[in-house]
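> Pasting in a structure now, in structure tokens, and then I'll have a few things to ask.
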Amino acid sequence: MNTGFEIVDGLTSADIAVRICAHSIEELLATAAFAMLKILLANPEEFNPELKQRIDIEAESMEMLLYRFLDELVFLKDARKLLALFDGGTIEHSVEGYALRGVIAVDSIDAARHRFNVDIKAVTLHGLSCRKQPDGYIAQVVFDV
């Protein structure tokens, strides 16, 4: 399995769809956050995390865990003016669903450093998928821009 992400053309006309492939759910979250950063910024190499913070998210399915994780990153961008990447953690699975116990690295948005391509307003449920494959995980996410 080739890991990483790609922009999916033709799925939606006004939004940006991304397909993500990874060996683990943790890698999937990290790649999804990186895809979001690369969509947002013309210069993602200027992401320079100042600190780390805990992130705890629970959901009934892998799809909703991915959605809530990315939705939290959009919230941090809009409400706290922070950009974030997944910096590690674990995914626990039980009969109730999934729980992410992890850490994100955050960088304060700085107009002098960060050049935005577009603004991601939201993560949508349209086209959202996340499934286990024999050699890893594949997911699709649509960002409302």
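> Taking the stretch 1-56, which residues are at negative phi, without any contact (Cβ under 8 Å) to a residue 40 or more places away in the chain and in a loop (DSSP other than H, G, I, E, B)?
If the condition is that a residue be at negative phi, without any contact (Cβ under 8 Å) to a residue 40 or more places away in the chain and in a loop (DSSP other than H, G, I, E, B), then ASN2, ASP9, SER13 are the ones that fit.
> Which members of the stretch 57-82 meet the condition of being within 21 Å of ARG19 (Cα to Cα) and in a strand (DSSP E or B)? Please lay out each step first, then the result.
As a first pass, look at the stretch 57-82 and keep what is within 21 Å of ARG19 (Cα to Cα): 59, 61-74.
Residue satisfying the conditions is ALA59 alone.
> May I pose another question? Being in a strand (DSSP E or B), more than 15 Å from the chain's Cα centre (by Cα) and either at pLDDT below 95 or exposed (fewer than 13 other Cβ atoms within 10 Å of the Cβ) (or both) is the filter here; which residues of the stretch 128-145 pass it?
Across the stretch 128-145, the qualifying residues are ARG131, LYS132, GLN133.
One line per residue, one yes/no per condition, for (1) polar (S, T, N, Q); (2) buried (at least 19 other Cβ atoms within 10 Å of the Cβ); (3) in contact with a strand residue (DSSP E or B) (Cβ under 7 Å, 6 or more places away or on another chain):
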position	(1), (2), (3)
ALA14	no, no, no
CYS21	no, yes, yes
ALA32	no, yes, yes
LEU40	no, yes, yes
ASN43	yes, no, no
GLU46	no, no, no
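> Taking the stretch 20-64, which residues are acidic (Asp, Glu) and either closer than 16 Å to ALA105 by Cα or at pLDDT below 95 (or both)? Steps first, please.
First, pick out the residues of the stretch 20-64 that are acidic (Asp, Glu): 26-27, 45-46, 50, 56, 58, 60, 63.
Within the stretch 20-64, GLU26, GLU27, GLU45, GLU46, GLU50, ASP56 qualify.
> Related question: Checking LEU28 against (1) surrounded by fewer than 20 Cβ atoms within 10 Å (Cβ to Cβ); (2) under 24 Å from VAL145 (Cα atoms); (3) of a type outside the set (Ser, Thr, Tyr), only one condition comes out false. Which one?
Going through (1) surrounded by fewer than 20 Cβ atoms within 10 Å (Cβ to Cβ); (2) under 24 Å from VAL145 (Cα atoms); (3) of a type outside the set (Ser, Thr, Tyr) one by one, LEU28 breaks only (1).
> Also, quick follow-up: Just to be sure I understand the filter: pairs with C-beta atoms under 8 Å, separated by 6 or more residues or on different chains, first member in the stretch 60-75 and over 15 Å from LEU28 (Cβ atoms), second member basic (Lys, Arg) and at pLDDT 95 or above. Which pairs pass?
These pairs meet every condition: VAL74/LYS121.
> Within the stretch 104-126, how many residues are exposed (fewer than 14 other Cβ atoms within 10 Å of the Cβ), assigned to a strand (DSSP E or B) and under 15 Å from the mean Cα position of the chain (by Cα)?
1
> Evaluate the following for ASP56: is it of a type outside the set (A, V, I, L, M) and closer than 21 Å to THR90 by Cα?
Values: of a type outside the set (A, V, I, L, M): yes; closer than 21 Å to THR90 by Cα: yes.
So ASP56 passes the test.
> For ASP107, indicate whether it is farther than 21 Å from VAL18 by Cα, touching a residue at least 24 places away in the same chain (Cβ under 8 Å) and touching a Leu at 6+ places or on another chain (Cβ under 9 Å). Outline the logic, then answer.
On the way: farther than 21 Å from VAL18 by Cα: yes; touching a residue at least 24 places away in the same chain (Cβ under 8 Å): yes; touching a Leu at 6+ places or on another chain (Cβ under 9 Å): yes.
Taking the combined requirement at face value, the residue satisfies it.
The values are calculated or read from the model by the stated rules, or taken from the named source; none is laboratory data. Quick caveat: nothing in here was measured; it's all calculated off a predicted structure. Glycine also receives a Cβ, built like all others from the backbone with ideal geometry; neighbour counts cover every protein chain displayed.
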